[in-house]
Amino acid sequence: MSLRVHVDRTHCELHGQCVERVPSVFRFTDGGDLDHLAEAGDDLADDLADAQFLCPAQAIEVGPA
Amino acid sequence: MSLADLVGLAPDALRDPGSVYDELRAKGVHFAPEVNAYVVAGHDDVSRVLRDAKRFSSTITVGNPPPSATDDPNRLRPLLLLSDDPVHATRRSIVNRAFTPSQVRSWEPVVRRIAEQHVDALRDADTVDLVERIAAPLPVRVISALLGVPADDVDKFRAWSEEITGSLGGHAADPEKRDRVQREFTGYMDELMNRHDGRAGDDVLSTIVAADRAGELTRREAVSFTIELLIAGNITTTHHLASSMKLLAETDGLADRLRAEPALIPRFVEESLRLESPIQGFYRLALEDSVVGGTEIPAGSRLLVLYQAANRDPAAWEQCPHLKLDRPNASAHLAFGKGPHACIGSSLARLEGVVVVETLLDRVAEITLLTPPDEVPYLASFINHGPTSLPARLAFRPTGEAS
């Protein structure tokens, strides 16, 4: 079982709260763009929910893969 | 009109800087002696510089030199606005929790009550100044309520806040007065935090007091933080509300359309932010040699990064100068910046914009502006952008009439 992670690029403002919260899924590239895994393990469900909650732009969607 | 007119605070340029930005964009990234900085005006270039916080430092965001060891240590300094990672990320994560979108949504009833009070108070007035009566007092009332500032102190609060922000990008700063205002403001906030009972709450002050008591922040930092958040959200939101009301009044058919289709109101608010960005631009400091938009920028250079110019870049926006309610990329404007320093209060600013427009549409049938469009006065600053006065006549709808 795994989770699907999607970031809506028209809303993302690159605040970086998700990178702080779940660095194993979200990271910044050298140029400061957001990069993220498309899928993550179920064990990260709580962390991903936190990242979703903390995102100032509400740009993160998490669902079943 | 030229950049010199804008920097020289010529009223016509401040009111409508669009042609200045068109010219700057057409020139590409270039050094402008008027601001002693490389000017970045295209959408992609602005976005790139803002994202790349490793190469472009925020320590000179408002144009002043970065802090030095010889500065007065008692001088109040913003903790978020002028800091770089890793310090910035740590501080930011402390306050971010107080400004999550779900947190901000929970404040909606407070914002709505304040907006209704301000609009209803105008019911019997003949003519009103929409800036003086709505746009200026409302944001400070809201942020004061969220900080737990007693109602009696709100006017004092507003005066301090305006004094400190008014000097950004303008030429009116009086260092002695500024220092005195900062001392008074700091003392007041220190007292407010001392009196706080320390209980965890959903307001901003509780979050900061908790960090203070947990030792994540010194008291001085905690006070600076609170003041920074208050100031950051005050004049910017005033300008945002004023520009939105101006657009609402002067755009043919807009009020009727929004009343018929209230779901479009948030889209109007995005367009208002795009077309009349309350912060026109900020500075960055190049930490290393780099190339932006094909132009070489040596380490140590200043860059003036123009959000408003990006928001009016025809390469990024179809029918760019027109207010359109059906843009697929409506919220992708750069009015709140982008990257690690993107505005932490954007959800609150959007909420205030939407609620004020909804309240006006609900209660007022027609807003008639009494100043010709080319005579509306704007703040004497090329960083902060917004009308300082909007005299208007309001035709209220009969009470009890449903919208």
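Rule-based calculations on the coordinates, nothing more; no lab input. Small disclaimer: the values here were computed from a predicted structure and weren't measured. We place every Cβ from the backbone using ideal geometry, glycine too, and count neighbours over all the protein chains shown.
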Practice problem: Write down the percent of antiparallel bridges among all DSSP beta bridges whose residues are both part of the protein assembly as shown, to the nearest 5. | Solution: 90
Quiz item: If you place +1 on the Cβ of every Lys and Arg, -1 on the Cβ of every Asp and Glu, and leave all else neutral, what size is the dipole of segment A:2-64 about its Cα centre, to the nearest 20 Debye?
Solution: 120
Quiz item: Given charges of +1 on the Cβ of Lys and Arg and -1 on the Cβ of Asp and Glu, with all other atoms neutral, how large is the dipole of the protein assembly as shown about its Cα centre, in debye to the nearest 20?
Solution: 340
Quiz item: With a 10 Å Cβ neighbour count serving as the proxy for reagent exposure, in which order, fewest first, do B:CYS320, A:CYS12 appear?
Solution: B:CYS320, A:CYS12
